[in-house]
Each structure stands twice: as structure tokens, then as C-alpha cells.
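What follows is a set of notes on a single structure, which appears directly below.
We did not get these values from a lab; they are worked out from the coordinates using the rules stated. In this text the structure is predicted, and so the values were computed from the model without any measurement. A quick note on method: Cβ atoms are made from the backbone with ideal geometry, for glycine too, and the neighbour counts reach across all protein chains shown.
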Amino acid sequence: MSLKHLAAAAAVVALFGACAPPAAPPASVACTVPADLAPAPVLTPPEDEIQSGVTNAYYLLALTWSPEWCRTNGQGTTKEELQCDREARGFVLHGLWPNGVAKPYPRYCRPVGGIDAQTVRQMFCRTPSPGLMQHEWQAHGACGWPDAKSYFRQSAALYDRIVFPKIETIPNPTAGAVRQAFIASNPWLSAGSIYLQVDKAQRLTEIRLCYDLKFQPMRCMSGTGTPDAIPIRLTPSANGGF
């Protein structure tokens, strides 16, 4: 890691403790953790994706609209079934990403190992895929945190602070209406700190929140994605409760 990455890691340790696991999720994101849940294997990073030594300028907290992800990706493997076939879900935690001012962004900054079983269990209701957790730790967490527990503790703290609005109740939703629903539930956010992503069919896929180096909301450096006036399509959740 660069000196700046090491300094950021030291700050995280001071705030959260290197050895402390993530806290249990709040009741609002509680779920049933499978009894046989286990960590995923360590991945082999693609050589063309390794970007070390990039100065970190801000952070993105990526929140996937789970119903849409499951509509297109949710069949065929155990890790996908854990997210898509058991319980209704709305926004799940994709990951916390260090970012540079422009591409290339920091990624797979140093070799790291696996995630301990306790952390995987504590994070499951937020990120219901051990495979995704392992990917996020290797690809992103390794670029700013000294260990997996510190990375997931910070990710969990940011995710747990969010009060998720019931966007499925918005009639004829637009990107702007979804942004305003988030701001109404989370007055500490602003429209400029909310990046909204849709696919080619204007289906909502992900919302990303932008934070500065002290994890305070900031205006997204690369813009806010889908313009406010654009109508969006919303893949419904299993119970319509989100």
C-alpha cells in the first residue's frame, strides 16, 4: 500500500480497532443466517485489474437493488441462492470502494487472505454472499484497511446508518423521486451525494453514496448518474415491502 493508504488504515484502526468484528446488524436488516454458512475461498486477482499505488480521493458505498440483481443473476449457484431464493430483500450492501480522482481506481492493492467465519456471519444479512464478501475485501478493502474485520466494520457502520425509504410505494418513480426519498429519510444526505444507476431498460440496479476521506457525505466526484427527470423501472421485491 502507499503511505496515504497506510495512514488511512491507521486511522480506521484507531477508530474501530483492528481486531473488532462488525457489530450485529440492526433489526431493520436482520435475516436468517444459514447454519452452515462458511467463508468463500481466496480469489486469484485478474492481473489486468491490479491497480496499486493510486491515491485515494474519496469513497463509494455501493447499494445493490437486490430484486433486479436476482432477476438477471440469481439462478444456478449456491451463493446466488443465498441472496435470491430464501428471503425478500431490498437494498443490500455491495461494498465500500476507495476511489481515485479518475480511472484507474485502486483495486487489488496488495495480496490478502480470507475472511474469518465470525465476520462472514456478522455481515451476511447486509451482504448475503460469502463470495461477494471475499471479492470486496480483496478488490477494495485491501486498498485502505489493514484487515478484513476493520474493512467490514467500517462498511457495516455506514450501511447501518442508512434509513432505507420504501421506494416501492413511489408512484411512477423517477431517478429524482428516489433521490428525494433517500434524502427525506436521511437528511444528512444531499442530491449530489447520491449516484443512481440504471440499466439500458431504465431498471434501477444500484445506488452509490459518496463519502470524503473522513467518511462524511460529499458531492460525488464523477457525477450522480441517472438524471432526476428520467423515469425508472423498479423490479419488485418478493414481498413488496421495500
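Around Ala23, what is the net charge, scoring Lys/Arg as +1 and Asp/Glu as -1 over all other residues with Cβ under 14 Å from its Cβ?
Once all neighbours under 14 Å are counted, the net charge is +4.
Projecting each Cα onto the charge dipole of the chain (Lys/Arg +1, Asp/Glu -1 at the beta carbon, about the Cα centre), which of Ser185, Pro146, Pro106 comes out farthest on the positive side?
Going by the Cα projections, it comes out as Ser185.
For the stretch 110-148 and the stretch 153-219, compute the distance between their C-alpha centroids and round to whole Å.
23 Å
Over the stretch 184-231, what is the mean sequence separation of C-alpha contacts under 8 Å (at least six apart), divided by residue count, expressed as relative contact order in percent?
39 percent.
Run through the DSSP bridge list for the stretch 122-242 and note the antiparallel percent, rounded to the nearest 5.
80 percent
Tell me, which longest segment in the chain has none of the trypsin sites (Lys or Arg not before Pro) that fall in DSSP loops with at most 11 further Cβ atoms within 10 Å? Write down the numbers at each step before the final one.
Values: sites that count: Lys200, Lys214.
That gives 1-199 as the longest site-free run.
For the pair Asn239/Cys31, report the inter-label distance in nm, with labels modelled 7 Å from Cα in the Cβ direction.
Each label point lies 7 Å from its Cα, and together they span 1.3 nm.
Which Cys in the chain stand alone, with every other cysteine's Cβ at 4.7 Å or more from theirs?
Cys19
Please give every one of the aspartates and glutamates within straight-line cross-link reach of Lys103, meaning a C-alpha to C-alpha distance under 17 Å, and leave out same-chain neighbours fewer than 8 residues apart.
List returned: Glu47, Asp48, Glu49.
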